[in-house]
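Participant: Below you'll find the structure I mean.
The values are calculated or read from the model by the stated rules, or taken from the named source; none is laboratory data. What you see is a predicted model; the values in this text were computed from it and never measured. Every residue, glycine among them, receives a Cβ derived from its backbone with ideal geometry; neighbour counts consider all protein chains shown. Areas reflect the complete protein model, heavy atoms only, side chains present, ligands, DNA and RNA absent. Shrake-Rupley method; radii C 1.70, N 1.55, O 1.52, S 1.80 Å.
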Amino acid sequence: MNAAPPARDRWRAVRPLAQREFRILFGAVVLSVSAAGMWAVVMVFAVIRIDEDPVQLSVVAAANAIGLLASAIPGGIAADRLPRRVILRAVETLNVLAVGSVVIAGQFGALTIAHLAAVSFVLGAVAGFFFPAYSAILPRILPAEHLLPANGLEGAIRPALQQAAGPAMAGLLLAALIPSQAATAVLIAHGLALVLLLRLRPEPAAPESAAPEQAAERSSARGIRHDLVEAVQFTVRTPWLLCTLLFATIWVLLTIGPEEVLLPFVTRDRFGDDPRLFGFLLACFGAGGVVGSIVVSSLRMPRRYLTAMTLVWGVSTLPFVVIGLTDQYWLMALCGLACGFGFSYGNVIWGTLLQRRVPRHMLGRISSLDFFVSLALMPLSMALAGPLATVVPVPVIFVVAGVAPFVLSFIVLWVARMPQDEIAHPLDDGGGTAAAV
């Protein structure tokens, strides 16, 4: 009879929660992500209450995207130069002030589109500072073997709260309250997140082996230009990092537009106008993401981590082929689950890989470069999808979006020599960290 698995393996997915600092940080992230999910819905109805013109909604939504894009690189530089807990506290303070202004203005009937656009911009901008700081603080408060499950926990709660629970809560509130009153729940969530972050202790002192990196963090003589050049040079001379970023860039360009722009029309044309059908499809993508994050965080880091990550990402787009061709709703929903599963599975490995193989003193900048690349092509992909569908059959677009990343994943593995690299730089769960090359 086989022996029972050790208790430490059975609870691998939640082991990081045994660490006090991570419990506090994770609790703050849960609240902040929930608030973002609620705000996405509250903001829409706040705009509609003022002016039902869809152009006004586009202006407010675009302000958020512009703020996020504009702060992505500065956020990474700040995460490498400043104490991460200070950045996180500042972000939540600004969130509280921004949303609080909406609540107050709404009570006096003074809420305007310009006000909502300004708040949307601020919320987007501070998000660009939050996540590089969050990514950079994890390897400073957790042992290496806890990073994969920690990223898995964050990867699981994000779709569950931001795409499902948060919007659902906002919908319930808006059924009984005007938008500015419903925004009070968003304000409370951000306020509680700030209270938690105020309890974070200073980061532990770096070991002697990390002294050069710690000195680099404290150096005030370095300029911002130097910081950017250093991060770009590291990226260019690190094949696995450069090729993965290029792969992700093309992946985003090919898949986001069809998913976000064309899928609603495909659903309507094949299955009818009921908006619940499209909503359920999006929920399937999110549910797959939750399961993928939980599964990968319950396992050890794959020995062939670069190969596993790249191939899972490539395979995760193949269901797009079925989505483009099928007229069976249940099959389309199953494909949504598969896409979400693979995307999150690879993302958790990717986040852990950055934290394990990128030098700590530039982790914030590298994370923000990754963030920036994804953000930059997301709007382009969505802008191209509609016009492209007028000249190319929609099923063909989905087939290309499904097959091209799959083929490209093998090319990336070969060009970057990833199989050789991952064997030369193992990431074991015993705490060993591969050299940053």
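Participant: I'd like the full set of residues that are surrounded by fewer than 24 Cβ atoms within 10 Å (Cβ to Cβ) and β-branched (Val, Ile, Thr), limited to region 291-323.
Facilitator: Once the filter is applied, which keeps residues that are surrounded by fewer than 24 Cβ atoms within 10 Å (Cβ to Cβ) and β-branched (Val, Ile, Thr), region 291-323 yields Val291, Ile294, Val295, Thr307, Val312, Val315, Val321, Val322.
Participant: Let me ask something else. Starting from region 125-147, keep only residues that are at negative phi and β-branched (Val, Ile, Thr), then list their pairs with residues that are at pLDDT below 85 and open to solvent by less than 10 Å² (accessible area, probe 1.4 Å) whose Cβ atoms are within a distance under 8 Å, requiring at least 6 positions of separation or different chains.
Facilitator: Once the first residue is at negative phi and β-branched (Val, Ile, Thr) and sits in region 125-147, no partner that is at pLDDT below 85 and open to solvent by less than 10 Å² (accessible area, probe 1.4 Å) comes close enough.
Participant: Something else now. Select from region 65-88 the residues that are part of a helix (DSSP H, G or I) and open to solvent by 50 Å² or more (accessible area, probe 1.4 Å) and list them in ascending order. Lay out the reasoning, then the answer.
Facilitator: Taking region 65-88 first, the residues part of a helix (DSSP H, G or I) are 65-81, 84-88.
Matches in region 65-88: Ala65, Ile66, Leu69, Ala70, Pro74, Arg81, Arg85, Val86.
Participant: In the list Thr317, Thr390, Thr352, which residue meets the criterion of being of a type in the set (Ser, Thr, Tyr) and over 19 Å from Glu260 (Cβ atoms)? Break it down into steps so the answer makes sense when it comes.
Facilitator: Values: Thr317 fails: over 19 Å from Glu260 (Cβ atoms); Thr390 fails: over 19 Å from Glu260 (Cβ atoms).
Unique residue meeting the criteria: Thr352.
Participant: Residue check: is Arg237 modelled with pLDDT of 90 or more, out of contact with any helix residue (DSSP H, G or I) (no Cβ under 7 Å at 6 or more places or on another chain) and within 23 Å of Gly364 (Cα to Cα)? Walk me through it before giving the result.
Facilitator: Numbers: modelled with pLDDT of 90 or more: yes; out of contact with any helix residue (DSSP H, G or I) (no Cβ under 7 Å at 6 or more places or on another chain): yes; within 23 Å of Gly364 (Cα to Cα): yes.
Answer is yes for this residue.
Participant: Run down Pro395, Pro387, Pro419 and say which single residue is without any contact (Cβ under 8 Å) to a residue 24 or more places away in the chain, open to solvent by 20 Å² or more (accessible area, probe 1.4 Å) and either assigned to a helix (DSSP H, G or I) or of a type in the set (Phe, Trp, Tyr) (or both).
Facilitator: Values: Pro395 fails: without any contact (Cβ under 8 Å) to a residue 24 or more places away in the chain; Pro419 fails: without any contact (Cβ under 8 Å) to a residue 24 or more places away in the chain.
After ruling out the rest, the residue left standing is Pro387.
Participant: Here's another thing I want to ask about it. Kindly indicate whether any position in region 272-285 is open to solvent by 40 Å² or more (accessible area, probe 1.4 Å), part of a helix (DSSP H, G or I) and either among the aromatic types (Phe, Trp, Tyr) or modelled with pLDDT of 85 or more (or both).
Facilitator: yes
Participant: Shifting gears a bit: If I go through region 125-151 residue by residue, how many of them are charged (D, E, K, R) and either under 24 Å from Ala78 (Cβ atoms) or open to solvent by less than 20 Å² (accessible area, probe 1.4 Å) (or both)? Working first, answer last.
Facilitator: Here is the first cut: in region 125-151, the ones charged (D, E, K, R) are 140, 145.
Narrowing the set further to residues that are either under 24 Å from Ala78 (Cβ atoms) or open to solvent by less than 20 Å² (accessible area, probe 1.4 Å) (or both) leaves 140.
Going through region 125-151 one residue at a time, the tally reaches 1.
Participant: Considering Met309, Met301, Met332, which residue is part of a loop (DSSP other than H, G, I, E, B) and either touching a residue at least 40 places away in the same chain (Cβ under 8 Å) or more than 23 Å from Leu254 (Cβ to Cβ) (or both)? Steps first, please.
Facilitator: Values: Met309 fails: part of a loop (DSSP other than H, G, I, E, B); Met332 fails: part of a loop (DSSP other than H, G, I, E, B).
Result: Met301 is the single residue among Met309, Met301, Met332 that is part of a loop (DSSP other than H, G, I, E, B) and either touching a residue at least 40 places away in the same chain (Cβ under 8 Å) or more than 23 Å from Leu254 (Cβ to Cβ) (or both).
Listed here are the residues, each with its yes/no results for (1) at pLDDT 90 or above; (2) part of a helix (DSSP H, G or I); (3) open to solvent by 40 Å² or more (accessible area, probe 1.4 Å); (4) touching a Ser or Thr at 6+ places or on another chain (Cβ under 9 Å).
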residue	(1), (2), (3), (4)
Ser367	no, yes, no, yes
Ser374	no, yes, no, yes
Pro405	yes, yes, no, yes
Thr433	no, no, yes, no
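Participant: Confirm whether Glu154 is in a helix (DSSP H, G or I), farther than 20 Å from Gly75 by Cα and open to solvent by 30 Å² or more (accessible area, probe 1.4 Å).
Facilitator: Working: in a helix (DSSP H, G or I): yes; farther than 20 Å from Gly75 by Cα: no; open to solvent by 30 Å² or more (accessible area, probe 1.4 Å): yes.
In short, no.
Participant: Given the structure, is Leu380 assigned to a helix (DSSP H, G or I), open to solvent by 40 Å² or more (accessible area, probe 1.4 Å) and closer than 22 Å to Ser297 by Cα? If you could, list the steps in order and put the result at the bottom.
Facilitator: Working: assigned to a helix (DSSP H, G or I): yes; open to solvent by 40 Å² or more (accessible area, probe 1.4 Å): yes; closer than 22 Å to Ser297 by Cα: no.
For Leu380, the condition - assigned to a helix (DSSP H, G or I), open to solvent by 40 Å² or more (accessible area, probe 1.4 Å) and closer than 22 Å to Ser297 by Cα - is not met.
Participant: Hey, could you check region 97-124 for residues that are of a type in the set (Val, Ile, Thr) and crowded, with 21+ Cβ neighbours inside 10 Å and say which is farthest from Ile48 (Cα to Cα)?
Facilitator: Kept after step one, since they are of a type in the set (Val, Ile, Thr), are these residues of region 97-124: 99, 102-104, 112-113, 119, 122.
Right, trim to crowded, with 21+ Cβ neighbours inside 10 Å and you get 99, 102, 119.
On the way: Val99: 17, Val102: 15, Val119: 16 Å.
Once the filter is applied, the top-ranked residue is Val99.
Participant: Further question on the same structure: Scan region 85-106 and report the pairs whose first residue is closer than 14 Å to Phe131 by Cβ and whose second residue is among the charged types (D, E, K, R) and open to solvent by 10 Å² or more (accessible area, probe 1.4 Å), with Cβ atoms within less than 7 Å and a gap of 6+ or a chain change.
Facilitator: The qualifying pairs do not exist here.
Participant: Still on this structure, I have one more. In this structure, does Ser409 turn out to be over 30 Å from Pro74 (Cβ atoms), open to solvent by less than 30 Å² (accessible area, probe 1.4 Å), touching a Phe, Trp or Tyr at 6+ places or on another chain (Cβ under 8 Å) and of a type in the set (Gly, Ala, Ser)? Give the steps one after another, and end with the answer.
Facilitator: Numbers: over 30 Å from Pro74 (Cβ atoms): yes; open to solvent by less than 30 Å² (accessible area, probe 1.4 Å): yes; touching a Phe, Trp or Tyr at 6+ places or on another chain (Cβ under 8 Å): yes; of a type in the set (Gly, Ala, Ser): yes.
So Ser409 fits the description; yes.
Participant: Let me ask something additional. Just for region 171-184: of the residues that are part of a helix (DSSP H, G or I) and open to solvent by 30 Å² or more (accessible area, probe 1.4 Å), which one is nearest to Pro83 (Cα to Cα)? Working first, answer last.
Facilitator: Quick first cut of region 171-184, residues part of a helix (DSSP H, G or I) only: 171-174, 179-184.
This time we only want the ones that are open to solvent by 30 Å² or more (accessible area, probe 1.4 Å), so: 171-174, 181, 184.
Values: Gly171: 37, Leu172: 38, Leu173: 37, Leu174: 38, Gln181: 35, Thr184: 30 Å.
Going through the qualifying residues, I end up with Thr184.
Participant: Test Asp269 against the stated conditions and say whether it is of a type in the set (Asp, Glu), open to solvent by 30 Å² or more (accessible area, probe 1.4 Å) and outside any helix (DSSP H, G or I).
Facilitator: On the way: of a type in the set (Asp, Glu): yes; open to solvent by 30 Å² or more (accessible area, probe 1.4 Å): yes; outside any helix (DSSP H, G or I): no.
The answer is no for Asp269.
Participant: Still on this structure, I have one more. Tell me, please, whether a residue that is under 18 Å from Val14 (Cα atoms), touching a helix residue (DSSP H, G or I) at 6+ places or on another chain (Cβ under 9 Å) and open to solvent by less than 60 Å² (accessible area, probe 1.4 Å) can be found in region 324-337. Lay out the reasoning, then the answer.
Facilitator: Kept after step one, since they are under 18 Å from Val14 (Cα atoms), are these residues of region 324-337: none.
For region 324-337, residues under 18 Å from Val14 (Cα atoms), touching a helix residue (DSSP H, G or I) at 6+ places or on another chain (Cβ under 9 Å) and open to solvent by less than 60 Å² (accessible area, probe 1.4 Å): absent.
Participant: Then there is this: Which one of Val261, Val252 is open to solvent by less than 20 Å² (accessible area, probe 1.4 Å) and on the phi < 0 side of the Ramachandran plot? Break it down into steps so the answer makes sense when it comes.
Facilitator: On the way: Val261 fails: open to solvent by less than 20 Å² (accessible area, probe 1.4 Å).
Exactly one of Val261, Val252 is open to solvent by less than 20 Å² (accessible area, probe 1.4 Å) and on the phi < 0 side of the Ramachandran plot, namely Val252.
Participant: Okay, moving on. Does Ala78 fit the bill of being at pLDDT 85 or above, under 30 Å from Met362 (Cα atoms) and over 18 Å from the mean Cα position of the chain (by Cα)? Outline the logic, then answer.
Facilitator: On the way: at pLDDT 85 or above: yes; under 30 Å from Met362 (Cα atoms): yes; over 18 Å from the mean Cα position of the chain (by Cα): yes.
When the stated conditions are applied, Ala78 passes them.
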